[in-house]
Amino acid sequence: MSAPARSRRPGLAAAAALLPLLALTACGSGDPATVRAAAGPGASAPGDDPVAAVAEVDSIAALLPADVRKAGTVRVGTAAGGSPPGVYFADADHRKPVGLDVDIADAVGKVLGLRIDREIATFETILPALDSGKYDVGTGNFGVTNERLKTIDFVTYIDDGQGFAVRTGNTSLGKVTDLTQLCGLTVGTGAGTTFEATLNAHKDDCVKAGKKPYQVKVFSEQAATLTGLQQGRLDVLMSTINGLRYQESQPAAKVTFLNEFHRLDVGFAFAKGSPLTRAFQAAVNQLIKDGSYARILRKWGTTGSAITESRINPPELP
């Protein structure tokens, strides 16, 4: 059995008063009705803890490298700073990160008999830190893309997607099926995300269509992205589907979800060639098999994002 997870916190600025409203994780696709049921920190009762009953499985723990199993610890870099269903802080001191990614990582750690040594970091710094050896694993709703697969290994644990949202009352933009619909607008998104990469890759499409390019404003702190939309400095947001749908369910956020744009698998991130991937894949599949996975997703209102089997390095969804 693993010991309780430990968190370390660098000096990340955040607007504590807005935490109940500020989401936008990093790259989920769930049933809108299911997500709207999450009226607070998850859709289950406040005391619900589906991770508590998860136990170590010796045959799966045996897949770990001997030195890792002996140490009994895995270093995890986690992006946080939002609200349900993504990783956010449950306390004003920013010492207790909670959320879907936290529960899944903790549950995997218990199956493997590992203590999660978690450090909170900004989203865009985690993947480079895997290559440098600072972290063994990265979490934070990292979407699996063909570009990332060149340098990162992934073990999937949820289905994801890119989506768009506007400030409630803005009817100038409908369902976004082509990025040229954004021409002339200011689009807000997170730094280092698949959203930023997608927007930048298609920025010239507007010029080719004889239209004014859209502007991309990138934020390291997710809270600032939503604030920009609320204050009218941004016309539209591109972010996670589960995160945007959660925001839509919160009247005070004044966010209207427009649509899914592109589905992505989401997974634990590892340095290329990491010896941990097989063990993590087997642990996720164990959680799916024993029902713990379904209980975690139900807690966070994301059952529409469930996968039936974890995979290592699947190609990007078309």
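The values are calculated or read from the model by the stated rules, or taken from the named source; none is laboratory data. Because the structure is a prediction, the values reported are computed rather than measured. We place every Cβ from the backbone using ideal geometry, glycine too, and count neighbours over all the protein chains shown.
Give me the residue from the stretch 282-303 that is buried (at least 23 other Cβ atoms within 10 Å of the Cβ) and among the β-branched types (Val, Ile, Thr) and, out of that set, nearest to the chain's Cα centre (by Cα). Out of the qualifying residues, it is THR302. Within the set PHE195, PHE219, the sole residue that is under 30 Å from ILE120 (Cβ atoms), of a type in the set (Phe, Trp, Tyr) and in contact with a helix residue (DSSP H, G or I) (Cβ under 9 Å, 6 or more places away or on another chain) turns out to be PHE219. Got a number for residues in the stretch 218-263 being under 23 Å from GLY184 (Cβ atoms), not in a strand (DSSP E or B) and not aliphatic (A, V, I, L, M)? The qualifying residues number 9.
Among residues of the stretch 192-207 being charged (D, E, K, R) and more than 21 Å from the chain's Cα centre (by Cα), the one that is surrounded by the fewest Cβ atoms within 10 Å (Cβ to Cβ) is ASP204. When each of ASN259, ASN285 is tested for being among the polar types (S, T, N, Q) and in contact with a Gly (Cβ under 7 Å, 6 or more places away or on another chain), the lone residue that passes is ASN259.
Out of all the residues in the stretch 104-125, is one or more touching a strand residue (DSSP E or B) at 6+ places or on another chain (Cβ under 6 Å), in a helix (DSSP H, G or I) and at pLDDT below 95? Yes, some residue in the stretch 104-125 is touching a strand residue (DSSP E or B) at 6+ places or on another chain (Cβ under 6 Å), in a helix (DSSP H, G or I) and at pLDDT below 95. In the stretch 208-217, is there at least one residue being in a helix (DSSP H, G or I), surrounded by 18 or more Cβ atoms within 10 Å (Cβ to Cβ) and in contact with a strand residue (DSSP E or B) (Cβ under 8 Å, 6 or more places away or on another chain)? No, the stretch 208-217 contains no residue that is in a helix (DSSP H, G or I), surrounded by 18 or more Cβ atoms within 10 Å (Cβ to Cβ) and in contact with a strand residue (DSSP E or B) (Cβ under 8 Å, 6 or more places away or on another chain). Kindly indicate whether ASP91 is surrounded by fewer than 24 Cβ atoms within 10 Å (Cβ to Cβ), more than 18 Å from the chain's Cα centre (by Cα) and in a helix (DSSP H, G or I). In short, no.
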